[in-house]
Each structure stands twice: as structure tokens, then as C-alpha cells.
Amino acid sequence: MEKWQKVFESAILIRAEIVKGVLQEHDITAIVLNKKESVYQLHGSYHVMVTSENALEAVNIIKNEISF
């Protein structure tokens, strides 16, 4: 079983989706977890998760290639 690590967190879904897309362009499997509370979605955030073996590379890509 693969272990997943959070490499990015944002309160804005589109930012998480952009990060996921950039990582997938670099052949890194990424998923977005919705950690917002379910009723009003005022609290919480979206987490971009990658496998443990890709975490370091993913963090470097996010740091160097993505700016908001």
C-alpha cells in the first residue's frame, strides 16, 4: 500500500487543482483531498497529496514552477 503525503494546502480549490495538474504534467500522480467541513464549507482546506516516493520532487516543482 502506498503512503501519501501532503505537499500543498489551500483554501481555494482551483489553486489545488492547478498544483495537481502541474504535478501530473511531470508524471507525478496527485490527488486533491477536500478537508473542508461538509455543511457550509467555511472552515478547512484542500490538500494535494502525492506518494511518499514523489514528495520531495513534488515540493521542488511546486516551489520552483508555481506562483499565485
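Sub-6 Å Cβ pairs linking a first residue in segment 11-37 that is over 19 Å from ILE61 (Cα atoms) and assigned to a loop (DSSP other than H, G, I, E, B) to a second residue that is open to solvent by 70 Å² or more (accessible area, probe 1.4 Å) and of a type outside the set (D, E, K, R), at least 6 apart or interchain, are GLU37/HIS43, ordered by first then second residue. Looking only at segment 42-53, residues that are open to solvent by less than 30 Å² (accessible area, probe 1.4 Å) and within 14 Å of LYS3 (Cα to Cα) come to 4 in all.
For every residue, the table says whether it meets (1) of a type in the set (Val, Ile, Thr); (2) out of contact with any helix residue (DSSP H, G or I) (no Cβ under 8 Å at 6 or more places or on another chain); (3) in a helix (DSSP H, G or I); (4) under 17 Å from TRP4 (Cα atoms).
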site: TYR40; (1), (2), (3), (4): no, yes, no, no
site: ALA55; (1), (2), (3), (4): no, yes, yes, yes
site: ALA58; (1), (2), (3), (4): no, no, yes, yes
site: PHE68; (1), (2), (3), (4): no, no, no, no
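The values are calculated or read from the model by the stated rules, or taken from the named source; none is laboratory data. Worth saying up front: this structure is predicted, and the values here are computed from it rather than measured. Quick reminder, even Gly has a Cβ in these numbers, built from the backbone with ideal geometry, and neighbours come from all protein chains shown. When the accessible area is computed, the model is the full protein with side chains, heavy atoms only, and any ligands, DNA or RNA have been set aside. Shrake-Rupley method; radii C 1.70, N 1.55, O 1.52, S 1.80 Å.
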